[in-house]
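Novice: Attaching a single structure in C-alpha cells format; questions to follow.
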Amino acid sequence: MKTIKYIMIIAGFCLVHSLQAQESVYDIISSDACMEIELYAEPRLFAGDDLFSLINGGADLYHEYGFSEVLALEAGMEEGMPVKTEIYDMGSPGGAWGIFSVTATANARSVDIGQEGRQGEGFLQFIKGRFMLYLYHAPEAAEDALQIAGCLADGIRETAGRPALMDVLDNLEDDDGKIVFFMGNLGLSTVYSFHYRDVFGYGTGAAAVYPGMKVIVLDYPDEENCLENFHAARNFFMNSSRYSNSYSHRGSFHMDDNKGQHIASYFENSYLFITIGPGEKDNNNIRLAVMEGMNRLRE
C-alpha cells in the first residue's frame, strides 16, 4: 500500500479536534515529536462500544477501567516495515496503569519508554498519562517499533505516577511477582475470581501476585462504607457452598477454596486486607507492612 506522509493525513484530524482542551489521541500523532513517522493507511477511531469490534472478547475489562477511545493505525519509519499501533485513551491515569498492569506477561522485558514500558515477542507496550499504547511488529521490525514508540511517547504531554496502592504493595516479599491495580469485579477477577458478581463493593484495589501467594488491598471511601461491605462479604462467603472451613473472628473471616488455598480477609479501617495462599499461615509481617504503607497514604 502506498505510504501516506504522516503530516498530511492528520491535518483533518487536528482541524476537527482543535476545540478540545484536553489532549487527545489525535494530538499525539500530530505532535512535532512524531514528524519522522509515516502512516500506511488512514487511522481508524474506535470509541465507546465500538471497541468490541476491535478486540472482541476483551473489551469489557477495558470499559471497566474507564476506556474512552482508541486510535488504530499502521505506522513506520521512513522505508521501514509497518507496525500496527493502537493508542488507547483510558480516561484516567489510574485506568491506564490498571489495564497496563493486568495485561503484563512473563516473557516481556522492561524498556525505557514513557512512564513504564515492556517489549516481548512481536509486541511493545507502554503507558504515559492516561494513555496506553500497543505496538505489534514483525521480529525484524523490533527496532523500528522502539523508535516509533519513543516518538509517540515524546508526543504525549501528560504524565502521572503509579496509583498509590501499587506503591504500598511494592517489595513486600523477596519473590519475583507483579503489582496489579484494578477497578471493579472483572479487574479483581484477573487476580482471583471470588464470584461472578461484585461481592466486595470496593472502590479501587491493588494486588501483589507472587508465585506462592496473593496479597490484595481493597480501598473504600471511608470506614463506615468499608465496614458495611466487609459485613456483607463475610455473610455472603460464610453461607457459600463454594468455600469450606469458613469461620470469622475479630474483624476477619477465613475460608478455603476448592484448590486448597486459604483465604483470610481483614477489616482495617477504610480498607480490606486479603491474603490467598496454600494453607493457613501467619501473615502478620506482611499485614503490618501494608498497614504502615496505608497509614502513610492516609497522612
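The values are calculated or read from the model by the stated rules, or taken from the named source; none is laboratory data. Note that the structure is a prediction, hence the values are computed from the model and not measured. Backbone-built Cβ (ideal geometry, glycine too); neighbour counts: all protein chains shown.
Novice: Of the conditions (1) free of Cβ contacts under 8 Å to residues at least 12 places away in the same chain; (2) assigned by TED's automatic domain parsing to the domain that holds ASN285, GLU143 fails just one. Which one is it?
Specialist: Only one criterion is unmet by GLU143, namely (2).
Novice: Tell me which residues, restricted to the stretch 146-174, are of a type in the set (Asp, Glu) and touching a Gly at 6+ places or on another chain (Cβ under 7 Å).
Specialist: Scanning the stretch 146-174 gives a single hit, GLU158.
Novice: Just wondering, is there one or more residues in the stretch 276-285 that are at pLDDT 95 or above and either part of a loop (DSSP other than H, G, I, E, B) or not charged (D, E, K, R) (or both)? Working first, answer last.
Specialist: Of all residues in the stretch 276-285, those at pLDDT 95 or above come to 276.
In the following step, the residues that additionally are either part of a loop (DSSP other than H, G, I, E, B) or not charged (D, E, K, R) (or both) were identified as 276.
The answer is yes, given that some residue of the stretch 276-285 is at pLDDT 95 or above and either part of a loop (DSSP other than H, G, I, E, B) or not charged (D, E, K, R) (or both).
Novice: Related question: Of the numbered conditions (1) outside any loop (DSSP other than H, G, I, E, B); (2) closer than 22 Å to PHE181 by Cα, GLY150 satisfies every one except a single condition; which is it?
Specialist: (2)
Novice: Could you pull out every one of the strands (runs of 3 or more DSSP E) wholly within the stretch 228-275 that has 2 or more residues that are loosely packed, with under 14 Cβ neighbours inside 10 Å and in the same structural domain as PHE194 (by TED's automatic domain parsing)?
Specialist: Details: elements: 244-248, 252-256, 261-268.
Passing ranges, in order: 244-248.
Novice: Go through the stretch 153-164 and report how many residues are touching a strand residue (DSSP E or B) at 6+ places or on another chain (Cβ under 7 Å) and in a loop (DSSP other than H, G, I, E, B).
Specialist: 4
Novice: Here is a follow-up. Pull up the stretch 165-211, narrow it to residues that are polar (S, T, N, Q), buried (at least 16 other Cβ atoms within 10 Å of the Cβ) and not in a strand (DSSP E or B), then point me to the one that is nearest to the chain's Cα centre (by Cα).
Specialist: THR190
Residue by residue, here is whether (1) free of Cβ contacts under 8 Å to residues at least 40 places away in the same chain; (2) closer than 17 Å to GLY155 by Cα holds:
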position	(1), (2)
THR85	no, yes
GLY91	yes, no
GLY95	no, no
GLY98	no, no
SER110	yes, no
PHE131	no, yes
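Novice: THR103 is checked against (1) under 17 Å from LEU124 (Cβ atoms); (2) modelled with pLDDT of 95 or more and fails just one. What number does that condition carry?
Specialist: Every listed condition holds for THR103 apart from (2).
Novice: Identify, by number, the condition in (1) in contact with a helix residue (DSSP H, G or I) (Cβ under 9 Å, 6 or more places away or on another chain); (2) over 14 Å from VAL25 (Cα atoms) that TYR88 doesn't meet.
Specialist: For TYR88, the failing item is (2).
Novice: Does the stretch 209-220 contain at least one residue that is in contact with a Lys or Arg (Cβ under 9 Å, 6 or more places away or on another chain) and of a type outside the set (A, V, I, L, M, F, W, C)?
Specialist: Within the stretch 209-220, one or more residues are in contact with a Lys or Arg (Cβ under 9 Å, 6 or more places away or on another chain) and of a type outside the set (A, V, I, L, M, F, W, C).
Novice: Follow-up question, since we're still on this one. Any chance you could count how many residues in the stretch 251-299 are β-branched (Val, Ile, Thr) and out of contact with any helix residue (DSSP H, G or I) (no Cβ under 9 Å at 6 or more places or on another chain)? Break it down into steps so the answer makes sense when it comes.
Specialist: Step one: of the stretch 251-299, the residues β-branched (Val, Ile, Thr) are 263, 274-276, 286, 290.
Subsequent filtering for residues that are out of contact with any helix residue (DSSP H, G or I) (no Cβ under 9 Å at 6 or more places or on another chain) retains 274, 276, 286.
Final tally of qualifying residues: 3.
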